[in-house]
Amino acid sequence: MLGKLKHWKRWLALPGGHDKPTVPEELWARVEARLPFLAWLPIDARPRLRTLSEDFLAEKEFYGAHGLRLDDEIMLTVAVQACLPVLNHRGLAAYHGWVGIVVYPGGFIVPQQVMDEAGVVHEYADILLGEAREDGPVLLSWFDNGPPSGVNIVIHEFVHKLDMASNGGDADGCPALPPGMSRNAWAQAFTAAYGRLCKLEEGGIETILDPYATTSLGEFFAVASEAFFEAPMSLRADFPAVYAQLAAFYGLDTATGEEKQRGIRLAADSIALRRPS
C-alpha cells in the first residue's frame, strides 16, 4: 500500500525563495500551547528545538492518509515532538536514511502475519496508533483534541526509530548509547525495572507507565521515554534508575525542569491569593 502513496507534502509555510522553513511566532505559540511539557526543558533548549524542528521539516515529507488534510500546525506539532529525543543526542543524523511520515485521522488498520509453533501462518488485522518501520516511513495517528490520555504517539514511534537504528532493525530496548554510558548499567536498570513493572501489572498496581510497556523491553523503552518527556517527576519517583539512564541518554534533566516550573507556578498562585481584592 505505502509504495502507491502519492502527493507527499513538504512544509507549507516556505517563504518565497527560501530552502528552509521559518516558523512564524504565532504558529510556534499555538504548538507550544498544545505541548505544555516543553516547559520542562532548559531555557536555552527551546530555541535549539525550534531550529531543529525547522531542519526536520525541510528534510522530511508528510502524507495525510484517508483524506486527512495536513496543515502547518499538524506538521510542526509532529516535528517538535520527533526532535525532542534527538535534541541533545545526535540531532537529525539519528533519523537519516528515510524521509516519509504518514499521518492518519485516528487509529488505522495494518494487516499482520504470525507463524505459530507448527509453522502455520495466521493472518489478522491490528488497529494501531502508530508504527515505526526500519527504513521508513513512520506511521502516526492524529487526534484534533490530542491523543488518548497518557499516550504520546510521536515520541513513542520516533524512539523506536532510534532503537532500530542500532539493532539491525529490531526495537529491543538497547539503542546505541552516547560515549561514557555503560551498556551493562543500561541493561541492568531496564531489565530490573521491566521485571518489576510486569509484576506490578500482574498485581493490578498502577504506575506512571502505560501497561503496554510490559509487552517487551523495546516497548518499555519507548513508553518510559514518553513519560520522561511528559511526566518526568513521576517517572523519577517510580523508576529512578531508568530515569537516570534516560537523562544521560537524552542529555536532559526533565524532572528537575518540571519541579522548577511547578514551584514557580505554586509561588505565583500563592502571591495571587495574597493580593487584596
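The values are calculated or read from the model by the stated rules, or taken from the named source; none is laboratory data. Because the structure is predicted, anything quoted here is derived from the model rather than measured. Neighbour counts run over all protein chains shown; Cβ positions are idealised from the backbone, glycine included.
A few comments on the model shown:
- Residue in the stretch 211-222 that is of a type outside the set (A, V, I, L, M, F, W, C), touching a Gly at 6+ places or on another chain (Cβ under 6 Å) and closer than 27 Å to Leu35 by Cβ present: yes
- Selection within the stretch 63-83 - hydroxyl-bearing (Ser, Thr, Tyr) and either closer than 9 Å to Trp142 by Cβ or without any contact (Cβ under 8 Å) to a residue 24 or more places away in the chain (or both): Thr77
- Residue match in the stretch 51-62 (condition: touching a residue at least 24 places away in the same chain (Cβ under 8 Å) and assigned to a loop (DSSP other than H, G, I, E, B)): yes
- Selection from the stretch 212-242 of residues that are of a type in the set (Phe, Trp, Tyr) and in contact (Cβ under 8 Å) with a residue 24 or more places away in the chain: Phe220, Phe221, Phe228, Phe229, Phe239
- Where Ala213 falls short, out of the listed (1) modelled with pLDDT under 95; (2) small (Gly, Ala, Ser); (3) surrounded by 21 or more Cβ atoms within 10 Å (Cβ to Cβ): (1)
- Taking the listed residues Val80, Val23, the one that is over 25 Å from Ala165 (Cβ atoms) and at pLDDT 85 or above is Val23, with no other qualifying.
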